[in-house]
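The values are calculated or read from the model by the stated rules, or taken from the named source; none is laboratory data. All values reported here derive from a predicted model rather than from experimental measurement. Here the Cβ positions follow ideal geometry from the backbone for every residue, glycine too, while neighbour counts run over all protein chains shown. Heads up: the accessible areas ignore ligands, DNA and RNA and are worked out on the full protein's heavy atoms, side chains in. Shrake-Rupley method; radii C 1.70, N 1.55, O 1.52, S 1.80 Å.
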Amino acid sequence: MRTFSPRPSDINRRWLVIDAEGAVLGRMSTEIATLLRGKHKPIWAPHVDVGDHVIVVNASKLAISQKKGTDKLYHRHTGYPGGIKTETLEHLAARDIEKVVRLAVRRMLPKGPLGRQMLTKLKVYAGPNHPHAAQSPAPLDLPAARAR
């Protein structure tokens with residue numbers, strides 16, 4: 001039996017809208033990463049990007065606990081000696097909530113060129129509106145990602 005490798009003609013990408021209001025960040029991010037990779041499709045292959053486009057709206061209404069907001073830290077480096085910068089989730093969310101969602105999903109995708117290509121199909125918006133109405137995206141409910 002030969003290994004199946006999807007051709008570009010086999011790939012059918014959908015556009016999906018996920019409402020992040022009341023969703024837990026990590027639970028929602030795992031579902032989004034699965035959709036971006038295409039692991040929910042029967043033609044999935046680890047070396048080919050077969051995933052769907054995902055639009056996340058209402059990112060500013062994520063359910064982030066107070067303890068998580070103060071304890072979770074994001075690190076980055078400026079490139080200069082001693083230039084490590086640390087920021088809490090609470091501070092980063094107040095500054096740029098879209099970056100919080102994008103970082104959470106990015107760290108669940110493959111590292112390298114394939115993962116970066118998959119991440120380009122993720123669109124995150126803080127409010128309820130998005131400019132992708134022409135693609136006629138289908139709403140997707142994630143009941144497992146809701147806060148309990």
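If the condition is being farther than 26 Å from Pro128 by Cα and assigned to a strand (DSSP E or B), then segment 75-98 contributes His75, Arg76, His77, Ile84, Lys85, Thr86, Glu87. Considering segment 112-148, and only residues there that are without any contact (Cβ under 8 Å) to a residue 40 or more places away in the chain and open to solvent by less than 60 Å² (accessible area, probe 1.4 Å), the residue that is farthest from Arg13 (Cα to Cα) turns out to be Gly112.
Please verify whether Thr70 is of a type outside the set (Lys, Arg), modelled with pLDDT of 95 or more, over 20 Å from the mean Cα position of the chain (by Cα) and open to solvent by less than 100 Å² (accessible area, probe 1.4 Å), treating the condition exactly as stated. Yes; evaluated as a whole, the condition is true for this residue. Taken as a whole, segment 76-90 holds at least one residue that is closer than 19 Å to Gly26 by Cα, open to solvent by 70 Å² or more (accessible area, probe 1.4 Å) and touching a Ser or Thr at 6+ places or on another chain (Cβ under 9 Å). When each of Gly69, Gly51 is tested for being touching a helix residue (DSSP H, G or I) at 6+ places or on another chain (Cβ under 8 Å), over 13 Å from Val124 (Cα atoms), of a type in the set (Gly, Ala, Ser) and not in a loop (DSSP other than H, G, I, E, B), the lone residue that passes is Gly69.
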